[in-house]
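Engineer: Below is the structure I would like to discuss, written out as structure tokens.
The values are calculated or read from the model by the stated rules, or taken from the named source; none is laboratory data. Remember, predicted model here, so these are calculated numbers, not experimental data. As a convention, Cβ positions derive from the backbone with ideal geometry for all residues, glycine included, and neighbour counts pool all protein chains shown. These accessible areas exclude ligands, DNA and RNA; they are computed on the full protein's heavy atoms, side chains included. Shrake-Rupley method; radii C 1.70, N 1.55, O 1.52, S 1.80 Å.
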Amino acid sequence: MFENDGDTVSIGDSTVMSQKREGFDGGRFRVKKKMERLSQMSLANVKEARRKRDRDRKIGDVLWVIVRFSVFLLLIITITNAHQNTTPAFHQTQSAANSFVSHTDAVTDPLTFWAWLEEIALQSFYPETSYNDDKPRWWEQGFTADMQSVLVSPPSLIQARVKQGLCTVPAAMRNFSDKCSVAYDEKTKETGAFERGWKRVTNMSEVASEAPGWSHRLSGYAIKPVFGLKSHYWGDGFSLQLGKSADEMRSILAELNSNGWIDGQTRAVILEVLLYNGNLDLFTSLTVMFEFSEISGVFSHRHLHTFRLRQQPGTIGYIYVLLEIIYVSILLYSLWKEAKTARAAGWAYLKEPWNVVEIVNFILAFTVIALYGSNRGYSSMALAAVHQGKDQLQYIKSLVDINLMYGWFLSFLVFLNIMKMLRLLRFDPFLAKLMSVFRGMAVEFSAFILYFFLFFSGFGMSGFLMFGTTVTAYRAISLSYSTLFQMSLGLFDYRELFDENPFLGPIFFLTFMCLVYLVLMNIAVAIINSALPDVRNHDMPEEDRYFLQGLWERFTSLFGLHQAQLTGWRSLNFLQNQSLSHRSGMSPRMEVRNFALLEETYQIL
């Protein structure tokens, strides 16, 4: 008997006698014997064939998904690289930092601040001498100190002030000081109009004539705050422009200095400059912030961002636009397919963690598209304002914030898609071993991170409290944490701590290096080493091993290194077809058709 999922073909003595009566020769008899031998393992062959068929289908689906997603990921990375303009933007940012933001750490009080403006900033924006100390030639006039960039508009100063009378000195301390001031926030900031010398204007009709540069101006273009070391500011305050030439800027600074524009209520002065490099077609937004503490000292901070106002010219620009259109089309198609899957699965769709990641991916993608549209819209309005001779700063300053956030979200989107790509390659044995290491040390490393955070926070706060007022690297909590993190990696400056405090400095340094750098870091290495045997002992699941075997067979057969063998099921089908066809007197054409029908039945099974 030969059984095939319920179908029975009887090959017995009666069949042999009928074959003899029909004139079957010895070859037909050997075929019958072959069928009888194969019938003993037909059931196993059917199961193996089904398993291989499912594996081949899975391999084809996985390879197609990997290729498709690789093209999609390459598309996202190309769009991101076009936005970032990595190499020219980096050099432009470095050039601006070296030319316009030098010696800011030397500003420690109002006197050094005015000296920095008159000597460094003025000569950077309106250079009066060239590189050889001669006067700039006529074709060099109009350029800034780097001789590559021009000012889009005159530099501007914005001062953030606090109100008076918000605090009182205790009676016991009035012999030492009778004045005090508060920190800057939205409740304590000063508004209104003032005369020179910070005398409040009582008649508002005199504002325009008496003190045009001493009035509080709202910021109508700030989308995100300007972050300093002590607080954040929304760009509103007592703002003024510094003129369109060196002489005009020098006279404005002298007038402000003589009238006490910076006093005890000043908490921050923000210098804003917008540069344009025509060689690279790039804009650079430069923001230098000087925060005047209510205690003592000045903390400087800077923000530089280089961006492109319009699409790249030429063929490359149209190619990038085409890639963006293709990306949006693929995204909408993927969203449609994912929505169908979520609708069919119902609430069970959210139980899969990677489905939640997919939802976050779509949210990020459409956020990026919205920011891209806003970026293009503000760019068009800024260019239109330039052609019409209007003020384009209200659009460009908003464009700086939008462009910056667009780059952030685009980077997050690329990172998330790279994680999805690694998930598609999870059958890779090397990635499987790496994940086994992470799973093996998850509990111990989580406890280590907790202990490390407690130790690190304690040293960070101690460094800020002990050296924050005197050492630049510890002047803020964030800088203290950053400095200690660099020390944990082996980058430190011991002499700075020793010169500041010969007693506490060495104790702080040695304690941190012994506990964090030597002890905790070695504990982390020990945890990783304890998880490494899991890599050696890692045993892949049978299903993944079988999948990799089929993938390797397909790869080698593609180059002719492996020849797929004809399975027992296919051989049995052929032999059965031969026997039945000859027994019924079929023609060769009918035999081929019968064999095709059996092949189709095999595919269905």
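Engineer: Output the number of residues of the range 157-177 satisfying the condition of being open to solvent by less than 40 Å² (accessible area, probe 1.4 Å) and either aromatic (Phe, Trp, Tyr) or under 32 Å from the mean Cα position of the chain (by Cα) (or both).
Structural biologist: So the count comes out to 1.
Engineer: Here are some conditions: (1) open to solvent by 60 Å² or more (accessible area, probe 1.4 Å); (2) over 21 Å from the mean Cα position of the chain (by Cα); (3) of a type in the set (Val, Ile, Thr). Ile77 meets all but one. Which one does it not meet?
Structural biologist: Looking at each condition in turn, Ile77 falls short on (2).
Engineer: Suppose we filter Phe467, Phe503, Phe512, Phe498 for residues that are open to solvent by less than 40 Å² (accessible area, probe 1.4 Å), more than 30 Å from Leu532 (Cβ to Cβ) and without any contact (Cβ under 8 Å) to a residue 60 or more places away in the chain; which single one remains? Explain how you work it out, then say what you get.
Structural biologist: Details: Phe503 fails: open to solvent by less than 40 Å² (accessible area, probe 1.4 Å); Phe512 fails: more than 30 Å from Leu532 (Cβ to Cβ); Phe498 fails: open to solvent by less than 40 Å² (accessible area, probe 1.4 Å).
That would be Phe467, the only listed residue that is open to solvent by less than 40 Å² (accessible area, probe 1.4 Å), more than 30 Å from Leu532 (Cβ to Cβ) and without any contact (Cβ under 8 Å) to a residue 60 or more places away in the chain.
Engineer: Among Trp354, Trp336, which is at pLDDT 85 or above, surrounded by fewer than 16 Cβ atoms within 10 Å (Cβ to Cβ) and aromatic (Phe, Trp, Tyr)?
Structural biologist: Details: Trp354 fails: at pLDDT 85 or above.
After ruling out the rest, the residue left standing is Trp336.
Engineer: Right, here's the next one. Determine which member of the set Ser478, Ser482, Ser462 is farther than 14 Å from Phe509 by Cα and either modelled with pLDDT of 85 or more or open to solvent by 80 Å² or more (accessible area, probe 1.4 Å) (or both).
Structural biologist: Ser482
The rows are residues; the columns are (1) surrounded by 10 or more Cβ atoms within 10 Å (Cβ to Cβ); (2) more than 22 Å from the chain's Cα centre (by Cα).
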residue	(1), (2)
Pro313	no, yes
Tyr320	yes, no
Leu323	yes, no
Thr341	yes, yes
Gly346	no, yes
Asn361	yes, no
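Engineer: Also: So His232 ticks every box in (1) open to solvent by less than 30 Å² (accessible area, probe 1.4 Å); (2) within 25 Å of Gln164 (Cβ to Cβ) but one. Which box is left unticked?
Structural biologist: Failed condition: (1).
This table checks each residue for (1) open to solvent by 80 Å² or more (accessible area, probe 1.4 Å); (2) of a type outside the set (Gly, Ala, Ser); (3) touching a strand residue (DSSP E or B) at 6+ places or on another chain (Cβ under 7 Å); (4) part of a loop (DSSP other than H, G, I, E, B).
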position	(1), (2), (3), (4)
Ser124	no, no, no, no
Ser130	no, no, no, yes
Val150	no, yes, yes, no
Lys179	yes, yes, no, yes
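Engineer: I've got another one for you. Need the failing condition index for Val328 against (1) under 23 Å from the mean Cα position of the chain (by Cα); (2) of a type in the set (Val, Ile, Thr); (3) under 30 Å from Phe113 (Cα atoms), just the number.
Structural biologist: Unmet for Val328, out of (1) under 23 Å from the mean Cα position of the chain (by Cα); (2) of a type in the set (Val, Ile, Thr); (3) under 30 Å from Phe113 (Cα atoms): (3).
Engineer: Another question, if that's okay. Cβ-Cβ below 7 Å, separation at least six or inter-chain, first residue in the range 329-357 and closer than 18 Å to Lys420 by Cβ, second acidic (Asp, Glu): which pairs?
Structural biologist: Glu338/Glu358
Engineer: Something else: Go through Thr129, Thr93 for me and flag whichever is under 20 Å from His303 (Cα atoms), out of contact with any Gly (no Cβ under 6 Å at 6 or more places or on another chain) and of a type outside the set (A, V, I, L, M).
Structural biologist: On the way: Thr129 fails: under 20 Å from His303 (Cα atoms).
Going through Thr129, Thr93 in turn, the sole match is Thr93.
Engineer: I would also like to ask the following. Pairs please, first residue from the range 437-452 and modelled with pLDDT of 80 or more, second anywhere and surrounded by fewer than 11 Cβ atoms within 10 Å (Cβ to Cβ) and among the aromatic types (Phe, Trp, Tyr), Cβ atoms under 7 Å, 6+ apart in sequence or on different chains.
Structural biologist: Partner pairs satisfying both residue conditions: none exist.
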